[in-house]
Amino acid sequence: MTAPDRRPSPHAPGATPADEITHDALMRRTAERPRRGWRRRVYEMSGGRYNPGISENEAEHNALLRRIRRQLPGAHRVAVTSIKGGVGKTTVTACLGLTLAEHRGDRVVALDANPDAGTLADRLTGETGITVRQMLEKIDDIDSLTEMSRFTSLAGRLQVLASDQDPAMSEAFNRDEYTRICTVLSRFCNLLLTDSGTGLVHSAMEGTLELADSIVVVGAPTVDGASRAGKTLDWMAAHGYRRHAENAVVVLSHDRVSDEVDIDRIHDHFAQRCRAVHSIPADPHLAAGGRIDLESMREPTRDAFLRVAASVSDDFPAR
């Protein structure tokens, strides 16, 4: 006589649906391997026999990386903007691009759409001989990643497309041309970051906002820096981009601060208006205005850009 089948019916109470049979559900919990600080050294010195686990800071770091690595079903365009110059917009674009490119497995490209001979490529690669103008002249011939890459330079894993260094030519970079450039870049790259100009009524800026999936507004914890960031949001809300304004990530660059300004009040103001707000601490490497390298920045600065990148990634659509 055969033993009765004791497997639960698919409809029996307590049955486990197939979508719950996952790695996380079935594997026994083990202490996560530490990769930072003294915990890592202890783990390595013991040959892995003793695992002190990870610290709260490393657990937070790993959680940020999981958010940043969220998969994208298609191309996603991020516009970094501000109505005011000199608040660190290009620096934020560069560091955000480097952070996303380092921690994601797909392709990330940063485009300098500043009409005033932007410095994004200078800050990232120093290569400005080939620009968006050359790409526009050959755009109908670009049918592969290899062809597209002829017009970009590399900063780590980040591809960079420079703006024209002749202001007269940059001014001619209009909405239709920006759209054509974005169409090509989005065909071969998953993430496109645009370092836009400060003129919100500029033709290319109209195209930037129309095509953007996410917006990063850059300001500073000063009276003028915060006011201009607020006016950027006001302008977007008044000109048909209210969703962008409400969904924006605001980044406050702390290169210039004053004890006379209530920084917490500035932070709270934007936190009530937007999806997220982050502060970037002052950093000597960034303040020098030279070539940007993530490893040369202080750890708190790198961590701050991880939080910005995680907030941007939170806006990626579900698969």
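FYI, it's all coordinate maths here, none of it is from the lab. What you see is a predicted model, and the numbers here were worked out from it, not measured in a lab. Here the Cβ is made from the backbone with ideal geometry for all residues, glycine too, and neighbour counts use every protein chain on show.
Here are some notes:
- ASN57-GLU295 FRET efficiency (beta carbon distance; Förster radius 22 Å; 0.05 resolution): 0.75
- With R₀ set to 30 Å, the beta-carbon distance separating ARG175 from GLU32 gives a calculated FRET efficiency near 0.05.
- The stretch 217-260, Cα convex hull volume normalised per residue, Å³: 57 Å³
- For the stretch 192-318, the orientation-averaged shadow of the C-alpha convex hull comes to 8.6 nm² (one quarter of the hull surface).
- If you take the alpha carbon atoms of the stretch 72-313 and fit the smallest convex hull around them, that volume is 113 Å³ per residue.
- Full extension of the chain between ASP140 and ARG66 yields a length gain of 22.9 nm, computed as 0.36 nm times the residue separation minus the alpha carbon distance.
- Farthest toward positive dipole pole in the stretch 72-313 [+1 Lys/Arg, -1 Asp/Glu at C-beta], among HIS269, PRO284, GLY230: HIS269
- Share, in percent, of DSSP beta bridges within the stretch 72-313 that are antiparallel, nearest 5: 10 percent
- Projecting label points 7 angstrom from Cα along Cα→Cβ for ARG40 and ALA282 puts them 2.9 nm apart.
- In terms of surrounding Cβ atoms within a 10 Å radius of their Cβ, ARG33, ARG66, ARG307 rank from fewest to most as ARG66, ARG33, ARG307.
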